[in-house]
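Student: Supplied in structure tokens, the structure appears directly below.
The values are calculated or read from the model by the stated rules, or taken from the named source; none is laboratory data. The model shown is predicted, which means the values in this text are computed figures rather than measured ones. These accessible areas exclude ligands, DNA and RNA; they are computed on the full protein's heavy atoms, side chains included. Shrake-Rupley method; radii C 1.70, N 1.55, O 1.52, S 1.80 Å.
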Amino acid sequence: IPSPTEETTRTTTPLTTRPSTIPLCFKEKCYWSRWYDVSYPGSGYDDGDFDTIENIENNGYKVCKNRKDVECRAVRFPNTPYPLLEQHITCNTEEGLKCYNKDQLPPICYNYELRFKCCVNIPVPCETTPEILTKTTEPTIIPSSTMSTPQPTTLSLQTKHKTTTEYTAEPKTDYIHTRITSKPTRETQKSTTTTPV
């Protein structure tokens with residue numbers, strides 16, 4: 001209990017929060033999606049394998065919007081790059097995968113699957129260059145009993161010349177193959193006779 005002569009003062013300072021002054025930058029982070037295989041090639045001439053983005057999403061999968069790359073492969077040959085399978089397919093980030101039986105010889109597509117390289121921008125603190133603090137000191141003057149006269153300073157400039165020698169190389173002619181063909185020629189020999197006089 002405070003005494004009548006004591007005064008109790010309670011002050012409350014309002015809590016203020018300042019917005020973060022750390023500048024934010026963005027960094028692209030990428031990952032590969034799962035392999036999608038939502039279509040199996042039918043046997044008809046106009047059938048094929050259609051693992052398109054539309055078909056993938058219609059089968060309940062969510063496909064990322066920021067697709068940077070795509071990989072397509074045949075399910076039966078997962079370690080063989082698809083161009084080596086000699087099938088004409090469409091494989092890109094805009095459509096997904098399309099393979100038409102009619103474009104193949106024999107006219108049947110392999111069963112393909114594909115995945116996408118998805119990228120997102122995540123906020124990160126910006127890298128700042130640290131400030132370089134320089135310390136400057138004033139020159140110290142020491143009193144001296146002897147006075148000296150300042151000597152003039154002579155500046156000199158030295159120039160160095162770089163000597164370069166230029167060589168001209170003869171053109172190199174490697175791997176020039178020539179074939180000489182000749183036809184037999186007939187020479188007629190003229191004989192001249194000289195008689196002394």
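Student: Over the heavy atoms of VAL75, what accessible area does a 1.4 Å probe trace out, to the nearest 10 Å²?
Tutor: 60
Student: With a/c under 1.5 counting as rounded, go ahead and sort the stretch 61-103 into rounded, prolate or oblate using the C-alpha gyration tensor (a ≥ b ≥ c being the square roots of the eigenvalues; past the cut-off, prolate if a/b is larger than b/c, else oblate).
Tutor: Details: a/c = 2.19, a/b = 1.57, b/c = 1.40.
Since a/c reaches 1.5 and a/b is larger than b/c, the shape of the stretch 61-103 is classed as prolate.
Student: Take the alpha carbon gyration tensor of the stretch 36-125, find the square roots of its eigenvalues, order them as a ≥ b ≥ c, and report rounded if a/c is under 1.5; if not, report prolate when a/b exceeds b/c, else oblate. Let's see the in-between values first.
Tutor: Details: a/c = 2.80, a/b = 1.89, b/c = 1.48.
Since a/c reaches 1.5 and a/b is larger than b/c, the shape of the stretch 36-125 is classed as prolate.
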